[in-house]
Amino acid sequence: MNTELRLYRHLPRHDSTAPSAVTIGNFDGVHRGHQAILAQVRDAAAALGLVPTVMTFTPHPRAFFARRGQRPELIPTQISSLRDKVALLAEHGMRQIALQRFDQNLADMDAEDFIRHLLVRGLNTRWLLVGEDFRYGHKRSGDIDLLRRMGHAHGFEVRTLADVADHQGQRISSSALRTALAVGNLARSSELLGAPYRISGHVIHGRKLGRDLGFPTLNLRVPEPCAARSGIYVVRVHGLDAQPLPGVASLGVRPTVTRDGTLLLETHILDRQVDAYGKLVCVEFLEFLRDEESFPDLTTLTAAIRQDAQGARDYFASHGL
């Protein structure tokens, strides 16, 4: 079985005409609701000899319309970076990802052209799964009925999926996940994701202030606007050793030491020196400790970091790695 992942930023595909089993959506976070969709696509693809495929969008359509309307407050926070989204989609069995740029041309595209150009010519779609309320095309004019009629004419089957609920009957959604992350409720975010929330990326050079204070950090860029609450977290770091490493992390803009407003994830590995520059690491968020604060001086900041590190050690002593 071919497990290679292919990412397409333009359709039709430049290197394939293979027939596809497709689902369409933003898939921010790839939560358990998304995972149920991906499982159906994977199963249909295996049964029908198709390539399991996701069509997704960048930026998020709501972000595009919010910027166009000069309403930045309506831009949804980002749960996953593009890197993490693609990795999660691949983990759940997708072999093609069509990454459509959401711009004015796509917003203005006629619903029938959306089907013809992107689904039929673009991906040779033979099987399609979308949510019951899926809309597409200019002013969201396309609906499920049109998809079914066009599918009948062009040889693809259309399936719909109702919302996926948690054990309490509440809908699993990216909005619910954003809410949990915004308040630092990592138990709820883990429940919605089926795993701890994570941010991955290549370690970049910082100001080296943590090293000077005795707490060297691995620094990662994060998606902005980031869905996770700014603050201090107990974390687990993958990618530096055969086993995950325990750490404490600060997600925020570092108000004590800079005013540039850049959001950064700074992670201190507990009781271990590591050379991580340039390496690809994954930071899993386990527990929210406190909000980010601005301290009057570096001495007070250092004392707070020491207390945070002890809080993380206490967490791992109680919960294990």
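The values are calculated or read from the model by the stated rules, or taken from the named source; none is laboratory data. None of these values were measured; they are calculated from a predicted model. Cβ: placed from backbone, ideal geometry, glycine included. Neighbour counts: every protein chain shown. Heavy atoms of the whole protein, side chains included, go into the accessibility calculation; ligands, DNA and RNA do not. Shrake-Rupley method; radii C 1.70, N 1.55, O 1.52, S 1.80 Å.
Per-residue answers, yes or no, for (1) open to solvent by 70 Å² or more (accessible area, probe 1.4 Å); (2) not aliphatic (A, V, I, L, M):
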| site | (1), (2) |
| --- | --- |
| ILE144 | no, no |
| ARG148 | yes, yes |
| GLY151 | no, yes |
| HIS154 | yes, yes |
| THR160 | no, yes |
* To do: Starting from segment 216-243, keep only residues that are at positive phi, then list their pairs with residues that are open to solvent by 20 Å² or more (accessible area, probe 1.4 Å) and of a type in the set (Asp, Glu) whose Cβ atoms are within a distance under 6 Å, requiring at least 6 positions of separation or different chains.
  => GLY231/ASP291; GLY231/GLU292
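Within segment 115-126, can you find the residues that are aliphatic (A, V, I, L, M) and either in a strand (DSSP E or B) or touching a helix residue (DSSP H, G or I) at 6+ places or on another chain (Cβ under 7 Å) (or both)?
Across segment 115-126, the qualifying residues are ILE115, VAL120.
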* Asked: Tell me, which residue of segment 264-298 that is among the hydrophobic types (A, V, I, L, M, F, W, C) and over 20 Å from the mean Cα position of the chain (by Cα) is most open to solvent (accessible area, probe 1.4 Å)?
  -> LEU298
* Asked: Within segment 81-124, restricting attention to residues that are of a type in the set (Val, Ile, Thr) and closer than 18 Å to ARG9 by Cβ, which residue is nearest to the chain's Cα centre (by Cα)?
  -> VAL86
* Asked: If you go through segment 68-90 one residue at a time, do you hit one that is polar (S, T, N, Q), touching a residue at least 12 places away in the same chain (Cβ under 8 Å) and open to solvent by less than 40 Å² (accessible area, probe 1.4 Å)?
  -> yes
* Number of the condition not met by LEU301 [criteria: (1) more than 24 Å from SER80 (Cα to Cα); (2) surrounded by fewer than 18 Cβ atoms within 10 Å (Cβ to Cβ)] -> (2)
* Filter pass, LEU218 being at pLDDT 95 or above and surrounded by 22 or more Cβ atoms within 10 Å (Cβ to Cβ) -> no
* Report, by residue number, each residue of segment 7-42 that is of a type in the set (Asp, Glu) and either closer than 17 Å to THR58 by Cα or touching a His at 6+ places or on another chain (Cβ under 6 Å) (or both). => ASP28
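Of the residues ARG95, ARG159, ARG126, only one is of a type outside the set (Val, Ile, Thr) and in contact with a Gly (Cβ under 8 Å, 6 or more places away or on another chain); which?
Details: ARG95 fails: in contact with a Gly (Cβ under 8 Å, 6 or more places away or on another chain); ARG159 fails: in contact with a Gly (Cβ under 8 Å, 6 or more places away or on another chain).
Going through ARG95, ARG159, ARG126 in turn, the sole match is ARG126.
Considering only segment 287-321, how many residues are basic (Lys, Arg) and assigned to a helix (DSSP H, G or I)? Break it down stepwise before answering.
Of the residues in segment 287-321, the ones basic (Lys, Arg) are 290, 306, 313.
Within this subset, residues satisfying the condition of being assigned to a helix (DSSP H, G or I) are 306, 313.
Matching residues across segment 287-321 total 2.
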* From the set of residues in segment 131-174 that are modelled with pLDDT under 95 and among the hydrophobic types (A, V, I, L, M, F, W, C), which is nearest to LEU192 (Cα to Cα)? -> ILE172
* Structure fact -> Log entry, pairs with first residue in segment 118-130 being modelled with pLDDT of 95 or more, second being part of a strand (DSSP E or B) and of a type in the set (Asp, Glu), beta carbons closer than 9 Å, six or more apart or on different chains, reads ARG126/GLU157; TRP127/GLU157; LEU128/GLU157
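Please work out which residue is farthest from the chain's Cα centre (by Cα), limiting yourself to segment 304-321 and to residues that are open to solvent by less than 50 Å² (accessible area, probe 1.4 Å) and under 12 Å from ILE232 (Cα atoms). Spell out the reasoning first.
Initial filter on segment 304-321 (open to solvent by less than 50 Å² (accessible area, probe 1.4 Å)): 304-305, 308-309, 311-312, 315-316, 320.
If we keep only those that are under 12 Å from ILE232 (Cα atoms) too, we end up with 304-305, 308-309, 311-312.
Details: ALA304: 30, ILE305: 28, ASP308: 27, ALA309: 27, GLY311: 28, ALA312: 25 Å.
Among them, the one singled out is ALA304.
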* Structure fact -> Of the residues in segment 41-64 that are surrounded by fewer than 17 Cβ atoms within 10 Å (Cβ to Cβ) and touching a Leu at 6+ places or on another chain (Cβ under 8 Å), the one that is nearest to LEU177 (Cα to Cα) is ARG62
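Against the condition free of Cβ contacts under 8 Å to residues at least 60 places away in the same chain, at negative phi, open to solvent by 70 Å² or more (accessible area, probe 1.4 Å) and out of contact with any strand residue (DSSP E or B) (no Cβ under 8 Å at 6 or more places or on another chain), how does ASP108 come out, does it pass?
Numbers: free of Cβ contacts under 8 Å to residues at least 60 places away in the same chain: yes; at negative phi: yes; open to solvent by 70 Å² or more (accessible area, probe 1.4 Å): yes; out of contact with any strand residue (DSSP E or B) (no Cβ under 8 Å at 6 or more places or on another chain): yes.
So ASP108 fits the description; yes.
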* Asked: Can you tell me how many residues in segment 121-134 are surrounded by fewer than 19 Cβ atoms within 10 Å (Cβ to Cβ) and farther than 22 Å from ALA63 by Cβ?
  -> 2
* Could you please find all residues in segment 231-270 being at pLDDT below 90 and not aliphatic (A, V, I, L, M)? => ARG254, PRO255, THR256, THR258, ARG259, ASP260, GLY261, THR262
